[in-house]
Each structure stands twice: as C-alpha cells, then as structure tokens.
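Participant: Sharing a structure, written as structure tokens. Questions coming.
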2 protein chains.
Amino acid sequence: MGGQKKNPELQKACPVRDVLDRLGDRWTVLVMSELQSGTLRFSEIRKRVMDISPRMLAQTLRNLEQDGLVKRDVYPTVPPKVEYTFTSLGESFYERVKAMIDWAADNHDAVRAARERYVAPEAHHAK
Amino acid sequence: MGGQKKNPELQKACPVRDVLDRLGDRWTVLVMSELQSGTLRFSEIRKRVMDISPRMLAQTLRNLEQDGLVKRDVYPTVPPKVEYTFTSLGESFYERVKAMIDWAADNHDAVRAARERYVAPEAHHAK
DNA sequence: CGGAATCCCCGTCGATACTG
DNA sequence: CAGTATCGACGGGGATTCCG
C-alpha cells in the first residue's frame, strides 16, 4: 500500500476516514478478529495471527488502544505479562467489522469469479 | 499505505483480506458512498469527491468493477459518456460498509477523545 | 516476555501532461 | 468527456537486533 501524506486537516473534517483508515493496514482486522474471543496476551495473539512480526503487532495494538477500542493491562510480574481486551467501544465497532468479514466470506466466490471474468476495457474504442 | 508485497498465495487463502483490502485505500469508501445515490457519470463522481484525481478515480472504479461491485456502461456518443452503477452485489456490500461509516460518525468523538487522553506507555517500567 | 530502535525496500498515491 | 502515461515521493511494514 502506498505512502503519501494523510493530510491531518482533512482527517479532522472527515470522521469516516479518520476511523476507517485503521482498517486499511494489513493487520488490524486480523488482530481484532482474534480479540473477539476474549482477553489475550501479546504472545497468544502472535501465535494465532502467525505471520505477524512483534513490531507490527505492537503497533497495531497501540493504535487500537489509542483509539479506545482495546484495553491494555500490564501485570508487573517477571516475566512480564500484558493482556489485551476489547473495550465496549471496541466491541461495538467490531460488530460492524464482523458484518463485513462475514460478507466477505459469503461472497468471496462471487468476487473471485467476477475478477476472473473481467476483461480490461480497451480504452473506449471497443473494436 | 505502505509498499510491500501482498503475497498472492495468502490472498487466495484469505477471503477477508482479499475483499477488505479494497477498503484500505483512500478513495473506495468515498466513491461508494456517492454511488449509493444512484447511477453517476465519471465527471459527476469527480465533482462530488472533489479532490480525487482522474487517475485515482479511474483506478478505484476499475477495482470496483473488477470485483463485480459496480457496473460500467459506455455510451459510444460524442462526447463519450460512461455511467457507473452498483450491482446488487455491490449494494449488499455497501450495506455493511454503510454500517461502519455510520458507526464512525456516531463514535468519532469518543475515538478522538480517547486519542487525546492517550499517553504513551513508558515501556513497561512504569516509574 | 513484551516490546523498542534501526535499516531499507517498494507499492501507492498525487501531480502533471497528454489523447481518442 | 473520460480517461491514460510518466514520474517521484512518501511512509508502511518486513527483517533484524537489542533491552528491562
């Protein structure tokens, strides 16, 4: 996905983009769908999402925490233990996301079929 | 959003990513929310979305068309006229997207408030 | 264990210009 | 009008290394 500025002025004005942009990245949706099953530790999420790097998991979780969608609980034990849980805001958000995930699962075949059928419009001079 | 490969093998296996990735980009959601109001011409969408470049609009529309979410009708008149309309697949998809947009609008304040409250976790050695 | 810091690649997007 | 072509930059995110 492409770089480019993410104009903060525009974000202020646009609630949609502001919130939805988080779904743009590779991991947020995947992480949320694991968190759905309840409280999880950092390493547990890692195991479930499998090919996420610790760096990206940390970043994804911090974004979610920052937006008030996920709660982070630190237990100052040794070894350290950190748990992540949806807030109620997060749960209500995930409901909608879930609706989209389900749609994607249900209609994946239709979409893939459409992609296969698709032929590039030869400019407009359809010969 | 960032470059990096988009492993096609993984996409094949993952319906979620496959479909939802489209929402990651800057414009798809905006364009869809205009198309909601009915059939629109290329230039009409441009006027409504305002700061989208012709390049990005064309690309966004082609993606939607490719996925079978939007229908493209070309009238070989002069000057050319091209209309875009949701397919029924697209409409059913947009229903879910709309649910998220509405959530975003409703909870935008809560999210922004959470962001403002947020203080970076000073590593874990909470002094 | 749960991260943070650094390095670097490369896909996306934006701006600009051109065409049937 | 409805696009396409080319270019360059930005910044996401992977790999790796280190730390409390």
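The values are calculated or read from the model by the stated rules, or taken from the named source; none is laboratory data. Computed from a predicted structure; not experimentally measured. Counting neighbours? That spans all protein chains shown, and the Cβs are built from the backbone with ideal geometry, glycine included. When the accessible area is computed, the model is the full protein with side chains, heavy atoms only, and any ligands, DNA or RNA have been set aside. Shrake-Rupley method; radii C 1.70, N 1.55, O 1.52, S 1.80 Å.
Participant: Give the number of residues within the stretch B:59-94 that are over 16 Å from A:Ala113 (Cα atoms) and more than 13 Å from the chain's Cα centre (by Cα).
Facilitator: Residues in the stretch B:59-94 being over 16 Å from A:Ala113 (Cα atoms) and more than 13 Å from the chain's Cα centre (by Cα): 17 in total.
Participant: Just need a number here: residues in the stretch B:53-78 that are within 9 Å of DNA strand D (Cβ to nearest atom) and modelled with pLDDT of 95 or more.
Facilitator: Count: 12.
Participant: Further, regarding this structure: Could you figure out which of (1) more than 12 Å from the chain's Cα centre (by Cα); (2) open to solvent by 20 Å² or more (accessible area, probe 1.4 Å) isn't true of A:Leu30?
Facilitator: (1)
Participant: If B:Thr85 passes every condition in (1) more than 10 Å from every other protein chain (Cβ to nearest Cβ); (2) away from DNA strand D (no atom under 15 Å from the Cβ); (3) surrounded by 12 or more Cβ atoms within 10 Å (Cβ to Cβ) but one, which one does it miss?
Facilitator: Condition not satisfied by B:Thr85: (2).
Participant: Against the condition away from chain B (no Cβ under 13 Å), within 13 Å of DNA strand D (Cβ to nearest atom) and open to solvent by 50 Å² or more (accessible area, probe 1.4 Å), how does A:Ser43 come out, does it pass?
Facilitator: Yes.
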